[in-house]
Amino acid sequence: MSRAPTLPPAILFDLDDTLITAHLHPREAWHRAIDGLPERPERLDVPGAASAIHEAARWFWSDPDRHREGRLDIHTTRRRIVSRGLSALGVEDDGYVTRLSAHFSAMRTAETALYPDAVDTLVALAGRGVRLGLITNGSAAEQRAKIERFDLARHFVHVQVEGEMGFGKPEEQAYAHALSALGTTAADTWIVGDNLDWEVVVPQRLGFHAIWRDPVGKGMPAGHPAKPDRIITRLAELLEE
């Protein structure tokens, strides 16, 4: 049996793909969304369309400024991404773009779920005296809906949503505000999340102990400069030496 670790005074958690499943296999999800929508443009190739939309999404989210603007209005952003992806295939159909975007959003909402060990891990950490914070990017409506759906707020001393605050990761203000709310310092705080830039690179520069959440065990991306202090696949590993 693994020994109990020496835990810090506080831990900051990300939400999407850290505590809840959300966006792990986007290309496959687009394939299912296109295939599951009864009406689509004539001769539209489902795998090809899924790949084109996936590439359009990769392009969109690759730019930090587009990323910040886009995640605060995810439904408009999805329509833009679908339109760009299908346009690359010569498909111009605003009605279909709107229907597919809405269908994808509904499908992803229905499929979002808590990781099996999420609540037990949060309860165990709080039971050992760790002050817990939740810091998530995205719009107030979208992120609060997830937090309320899974009754997560009760586990945290502080819940911070980008769309409510006007700032988010990787802005230094976001981390500083969370630390102030928790009454701790970066040196006494772990941060846990799936984004190597937001939960490893920037936090380490600020003095956090940064733990990368790799939920499917894919390993570090080739060539990425991040060097997490620890990598976990299961959240329960936080309770193990």
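Which one of 216, 82, 159 has the biggest mean-square fluctuation once the chain is modelled by GNM with Cα springs under 10 Å? Ranking 216, 82, 159 by mean-square fluctuation puts 216 first. Each peptide in 69-78, 31-40 was scored by the mean count of other Cβ atoms within 10 Å over its residues; highest first, the order is 69-78, 31-40. With neighbour counts taken as other beta-carbon atoms within 10 Å, the residues 169, 218, 146, 227 rank, fewest first, as 218, 227, 146, 169. Taking a straight Cα-Cα cut-off under 12 Å and skipping sequence neighbours fewer than 8 places away in the same chain, the aspartates and glutamates within cross-link reach of residue 227 are 197, 199. Ignoring aspartates and glutamates fewer than eight residues from residue 146 along the same chain, the ones with Cα atoms less than 13 angstrom from its Cα are 14, 16, 17, 111. Neighbour counts of other Cβ atoms within 10 Å put 51, 101 in the fewest-to-most order 51, 101. Shape of the range 119-241 from its Cα gyration tensor (a ≥ b ≥ c, root eigenvalues): rounded if a/c is under 1.5, otherwise prolate when a/b > b/c, or oblate? Since a/c stays below 1.5, the shape of the range 119-241 is classed as rounded. Coupling constants for the range 169-181 follow from the phi torsions by the Karplus curve (6.51 cos²θ - 1.76 cosθ + 1.60, θ = phi - 60°), and in residue order they are 4, x, 5, 4, 4, 5, 5, 4, 5, 5, 4, 4, 5 Hz; glycine and proline get x.
Could you state the number of Å between the C-alpha centres of the range 22-41 and the range 210-241? For the range 210-241 versus the range 22-41, the Cα centre distance is 28 Å.
When 108, 66 are ordered from fewest to most other Cβ atoms inside 10 Å of their Cβ, what list results? Walk me through the numbers before you get to the answer.
Details: 108 17, 66 14.
By the 10 Å Cβ count, ascending, the order reads 66, 108.
Values quoted throughout were computed directly from the atomic coordinates according to the rules given, and no laboratory measurement underlies them. Computed from a prediction, not measured in an experiment: that's the story for all the values here. We place every Cβ from the backbone using ideal geometry, glycine too, and count neighbours over all the protein chains shown.
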